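The values are calculated or read from the model by the stated rules, or taken from the named source; none is laboratory data. As the structure is a prediction and not an experimental result, all values here were calculated from the model. Heads up, the Cβs are rebuilt from the backbone with ideal geometry, glycines too, and the neighbour counts pull from every protein chain shown.
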Amino acid sequence: MAIIFNNGIFQNGFGIKFSRVDIKLWTVSLLIPVLAPIFLIFLWLVLASRIDNQVILPGVWEVGILLFHPTQDMIGMGSLAGNVLVSLLRVVIGYSIAAVVAIPLGVVMGYYGLIFRFFNGFLSLFRPIPPLAWVPLVMAWFGIASLATLMGIETGKLFIYLNNIKFSMLFIIFIGAFYPILTSTIQGVKTVGVTLIDSARVLGASENQIFRKVLIPAAMPSIITGMRIGLGIAWMCLVSAEMLPGSLSGIGYMITHAFTLASTDIVIAGMISIGVVGALMDMVFRRIELKKFSWRKQAES
Amino acid sequence: MNEESLEIIGIQGLSKTFTTQKGNQFLAVDKINLKIFKNSFTCIVGPSGCGKSTILRITAGLEQASTGTVHYAASPVTKPCAEIGLVFQEYSLFPWMTVLDNVAAGPEFAKVDKKKRRHDAMDYLFMVKMEAFKDSYPHELSGGMRQRVAIARALANEPDVLLMDEPFGALDAHTRILLQQELLRVWELTHKTIVLVTHSVDEAVFLADEILVMSSHPGEIRKIIQVDMERPRSRANPKFGALTDDILRELGNGMVKSQP
């Protein structure tokens with residue numbers, strides 16, 4: 001699409017006209033979000049050359065090479081991509097279980113006062129316990145049992161994959177994601193307008209339909225927000241759990257292990273991967289929030 | 001007009017007591033007796049808190065009477081039924097649904113096939129002149145438009161009786177008058193039985209065949225007034241003003257009585 005310059009007016013192939021000011025504004029607005037990272041990298045470059053010590057601060061270039069060759073094996077720890085994938089798989093499974101339990105429970109707790117009172121005291125006792133505080137107990141319970149143990153698979157390629165999905169890890173992720181999702185779901189259902197529920201009842205909705213067609217859609221924006229927060233926490237908990245002794249794969253393991261080998265470049269490459277994966281997952285949810293639930297923000301104003 | 005004398009809703013000895021948060025008993029409405037005739041337009045007027053909405057909610061099956069009964073045709077009303085629709089003052093449309101899907105919600109609950117219910121819903125959108133907004137969301141509409149959609153949604157469920165709980169209470173004066181005219185048009189088109197609760201005497205005199213004047217603490221029906229003015233009614237008609245005055249005086253008495 002050619003841009004033709006004519007009397008200070010740009011015109012593209014679609015005949016849409018931009019003034020020079022518009023284009024200037026565009027470039028500026030595109031540039032703003034990358035300014036801070038560029039500054040950080042610059043700072044890193046300067047500091048790395050000043051310090052000149054690979055263990056304290058490796059150069060931008062060394063870390064960059066690792067990031068751009070994600071499938072390369074790293075000193076017998078598996079590849080960067082492989083470890084990220086193992087961690088992601090753990091999160092996806094543990095997180096899905098948390099969502100499947102927390103959402104229905106949250107909906108009935110939000111709707112029926114009696115059920116709320118039944119569960120709330122009990123759940124409040126466990127809420128303040130940090131997910132990582134569960135690790136010793138969970139190790140005692142599950143040890144190194146994994147999905148492979150559950151399915152009775154002991155050899156082959158499948159074993160390697162399934163053996164990486166340890167119950168202890170899944171449990172930690174579950175705890176991390178469970179509470180944000182539960183709390184937001186309860187909150188979302190509790191704030192559904194009484195008139196909406198009454199309207200549905202007058203229009204002939206059954207109790208079941210009120211749940212499926214009124215409460216859940218009405219609470220969905222809140223549920224999605226909880227799922228977004230829960231995913232962030234689950235990801236953080238997992239990486240921390242993987243850093244604990246006994247872990248043999250995953251991005252958290254890779255970082256800790258690289259540290260013991262004084263490979264700070266791998267540590268930083270791993271950290272950047274964690275950040276990028278977390279941000280990408282968050283972005284997906286934000287997209288869903290914006291696209292599907294724009295009605296909420298506008299309906300509230 | 002022999003058909004008009006057919007009783008469609010009968011309320012006998014209806015009382016409703018609420019328990020307040022402090023545990024006190026509060027008598028909202030007391031010993032209401034009332035007959036609504038088929039195809040009639042009835043308005044209930046009264047001061048705030050006289051229990052007029054409570055009568056409507058019990059009639060719709062949303063709440064239970066403490067004593068007394070409500071009958072639709074010959075059967076007692078204890079839960080919501082398709083024959084009785086209810087239009088709320090506001091915030092009743094499902095915000096995540098388009099206008100068309102909102103109107104088709106009743107048939108959706110009744111598991112009517114998607115294509116058919118959307119097709120039928122369109123007819124009702126035409127009736128309230130909202131067909132151009134079928135794909136809009138409620139938050140994109142003005143208050144008056146939303147109430148048009150709410151009316152269409154209630155009608156799409158094909159009830160015999162349409163209960164309306166201050167349906168125009170949240171609208172500005174101009175929109176309110178416009179929608180009153182529209183409601184009369186829809187009523188004449190569909191031959192529904194309408195019971196409309198309002199605190200606007202003007203609205204009641206403009207719309208109703210019969211006006212029930214209520215007093216509060218406890219809610220009682222003080223007077224039943226037949227309105228024998230030809231439609232369309234003009235607010236400039238001296239009869240209109242005289243009747244409005246009468247009712248306001250009646251309400252004034254009710255208020256004096258209720259003061260300690």
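Couple of notes before you dig in:
The rows are residues; the columns are (1) crowded, with 18+ Cβ neighbours inside 10 Å; (2) at pLDDT below 90; (3) within 30 Å of A:Val107 (Cβ to Cβ).
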site: A:Met227; (1), (2), (3): yes, no, yes
site: A:Gly230; (1), (2), (3): yes, no, yes
site: A:Leu248; (1), (2), (3): no, yes, no
site: A:Ser273; (1), (2), (3): yes, no, no
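- Residue selection: A:Val214 fails the criterion of being outside any helix (DSSP H, G or I) and under 20 Å from A:Phe293 (Cβ atoms).
- Test for B:Glu131: is it within 9 Å of chain A (Cβ to nearest Cβ), within 30 Å of A:Leu290 (Cβ to Cβ) and among the acidic types (Asp, Glu): no
- For region B:62-97, the set of residues classified as of a type in the set (Gly, Ala, Ser) and either at negative phi or at the interface with another protein chain (Cβ under 8 Å from one of its Cβ atoms) (or both) consists of B:Ala65, B:Ser66, B:Ala74, B:Ser75, B:Ala82, B:Gly85, B:Ser92, listed by residue number.
- Checked against the criterion of being in contact with a His (Cβ under 9 Å, 6 or more places away or on another chain), surrounded by fewer than 21 Cβ atoms within 10 Å (Cβ to Cβ) and either of a type outside the set (Phe, Trp, Tyr) or within 12 Å of another protein chain (Cβ to nearest Cβ) (or both), the candidates B:Gly169, B:Gly143 yield just one match: B:Gly169.
- Verdict on B:Leu183 being under 16 Å from the mean Cα position of the chain (by Cα), away from every other protein chain (no Cβ under 13 Å) and of a type in the set (A, V, I, L, M, F, W, C): yes
- A:Arg117 being surrounded by 14 or more Cβ atoms within 10 Å (Cβ to Cβ), assigned by TED's automatic domain parsing to the domain that holds A:Glu207 and of a type in the set (D, E, K, R): no
- Selection of region B:107-122 for residues being outside any helix (DSSP H, G or I) and within 12 Å of another protein chain (Cβ to nearest Cβ) yields B:Ala110, B:Lys111, B:Val112.
- When region A:166-202 is filtered for residues that are among the β-branched types (Val, Ile, Thr), within 14 Å of chain B (Cβ to nearest Cβ) and assigned to a helix (DSSP H, G or I), the ones remaining, listed by number, are A:Val194, A:Thr195, A:Ile197, A:Val202.
- Condition check for B:Phe168: free of Cβ contacts under 8 Å to residues at least 60 places away in the same chain and either closer than 24 Å to B:Phe88 by Cβ or of a type in the set (Lys, Arg) (or both): yes
- Test: residue in region A:198-221 that is in the same structural domain as A:Leu89 (by TED's automatic domain parsing), closer than 30 Å to A:Pro136 by Cβ and β-branched (Val, Ile, Thr): no
- B:Leu125 being buried (at least 21 other Cβ atoms within 10 Å of the Cβ), in contact with an Asp or Glu (Cβ under 6 Å, 6 or more places away or on another chain) and assigned to a helix (DSSP H, G or I): yes
- Verdict on A:Ile160 being among the hydrophobic types (A, V, I, L, M, F, W, C), in a helix (DSSP H, G or I) and either touching a residue at least 60 places away in the same chain (Cβ under 8 Å) or within 11 Å of chain B (Cβ to nearest Cβ) (or both): no
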